[in-house]
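Colleague: Here it is: the structure, laid out below.
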Amino acid sequence: MGLLDTILGRTKPVKPDLDELFALPSAAVTLQAAGGLIPTGVGSVCVKPAEGGAFAGLREQINQLLAMNGGKYDETTDSFGFSWIVRRGDPNDLAGLVADLHGVNATLTDAGFGPALLCTLVPFTDSQAPTVGLVYLYKRGTWYPFAPTGPDRRDNARELQVQAYVGDELKMEPDLSRWFPVWGAPGL
């Protein structure tokens, strides 16, 4: 970062640490013990659509990912036009889910589409309350919980509670204004 960046208040973006995803299985043990929340077996990677020639390359990479491993991946598009690469599996195999999500992220990053990655989402549930998603923001290198309760409604108290449960195990986003809602995300 140069002097001009400092004067103008620009900051250097945080390089995403894809290995941060591997902290999730141990945090999930704490989440289950403290809050009764268990993985749903669903995880997803959100990718913003690319424009021009880059879109063809991104589209090809996504299609290759979707064809891998006997169709355990699928893709949906949300109301904002973002693509979600979804992996569904055994709720008891969170480590396998995380490894597969890491593989999706690494494949897209290695192909030069790291800037198109927005977040990874892994939902958790219990029998008494709506699903809570743990969201990893690539551009910040941090996690935050998202607890939707209905259309355009969220449970902020529950999100703070989940943060308290796993805040020592996951690098949590300290700026609450960056806890973006991911309405309509797969698995929520």
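The values are calculated or read from the model by the stated rules, or taken from the named source; none is laboratory data. Note that the structure is predicted; figures quoted are calculated from it, not measured. Backbone-built Cβ (ideal geometry, glycine too); neighbour counts: all protein chains shown.
Colleague: Does residue 107 fit the bill of being surrounded by fewer than 20 Cβ atoms within 10 Å (Cβ to Cβ), among the hydroxyl-bearing types (Ser, Thr, Tyr) and in contact (Cβ under 8 Å) with a residue 24 or more places away in the chain? Even if it seems obvious, please write down each step before you answer.
Modeller: Details: surrounded by fewer than 20 Cβ atoms within 10 Å (Cβ to Cβ): yes; among the hydroxyl-bearing types (Ser, Thr, Tyr): yes; in contact (Cβ under 8 Å) with a residue 24 or more places away in the chain: yes.
In short, yes.
Colleague: If you don't mind, there's one more thing I want to ask. Could you identify the single residue in 87, 153, 178 that is of a type in the set (Lys, Arg) and either under 16 Å from residue 21 (Cβ atoms) or surrounded by 14 or more Cβ atoms within 10 Å (Cβ to Cβ) (or both)?
Modeller: Values: 153 fails: either under 16 Å from residue 21 (Cβ atoms) or surrounded by 14 or more Cβ atoms within 10 Å (Cβ to Cβ) (or both); 178 fails: either under 16 Å from residue 21 (Cβ atoms) or surrounded by 14 or more Cβ atoms within 10 Å (Cβ to Cβ) (or both).
Criteria check complete, one pass: 87.
Colleague: I need a count of the residues in region 119-134 that are outside any strand (DSSP E or B) and modelled with pLDDT of 95 or more. Give the derivation first.
Modeller: Let us first name the residues in region 119-134 that are outside any strand (DSSP E or B), namely 126-131.
Next, only the ones that are modelled with pLDDT of 95 or more stay: none.
So the answer is 0.
Colleague: Scan (1) at pLDDT 95 or above; (2) of a type outside the set (D, E, K, R); (3) surrounded by 17 or more Cβ atoms within 10 Å (Cβ to Cβ); (4) not in a helix (DSSP H, G or I) for the single condition residue 165 breaks and write down its number.
Modeller: Just one mismatch for residue 165, condition (4).
Colleague: Now for a different question. Whether any residue in region 125-137 is in contact with a helix residue (DSSP H, G or I) (Cβ under 8 Å, 6 or more places away or on another chain), more than 21 Å from residue 179 (Cα to Cα) and among the β-branched types (Val, Ile, Thr) is what I want to check.
Modeller: From region 125-137, those in contact with a helix residue (DSSP H, G or I) (Cβ under 8 Å, 6 or more places away or on another chain) are 126, 129, 132, 134, 136-137; that's our starting set.
Subset that is more than 21 Å from residue 179 (Cα to Cα): 126.
Then keep just the ones that are among the β-branched types (Val, Ile, Thr); that gives none.
No; the residues of region 125-137 include none that is in contact with a helix residue (DSSP H, G or I) (Cβ under 8 Å, 6 or more places away or on another chain), more than 21 Å from residue 179 (Cα to Cα) and among the β-branched types (Val, Ile, Thr).
Colleague: Another question about this same structure. Within region 137-188, restricting attention to residues that are of a type in the set (Phe, Trp, Tyr) and in contact with a strand residue (DSSP E or B) (Cβ under 6 Å, 6 or more places away or on another chain), which residue is farthest from residue 87 (Cα to Cα)? Please lay out each step first, then the result.
Modeller: Residues of region 137-188 of a type in the set (Phe, Trp, Tyr): 138, 143-144, 146, 165, 179-180, 183.
From what's left, in contact with a strand residue (DSSP E or B) (Cβ under 6 Å, 6 or more places away or on another chain): 138, 143-144, 146, 179.
Working: 138: 18, 143: 19, 144: 20, 146: 19, 179: 23 Å.
Going through the qualifying residues, I end up with 179.
Colleague: Specify the residue that is farthest from the chain's Cα centre (by Cα); the eligible residues are those in region 135-162 that are part of a strand (DSSP E or B) and among the hydrophobic types (A, V, I, L, M, F, W, C).
Modeller: To start, the set of residues in region 135-162 that are part of a strand (DSSP E or B) comprises 135-137, 142-146, 148-150, 153-154.
Okay, now just the ones that are also among the hydrophobic types (A, V, I, L, M, F, W, C), so 135, 137, 143, 146.
On the way: 135: 4, 137: 6, 143: 8, 146: 11 Å.
My answer is 146.
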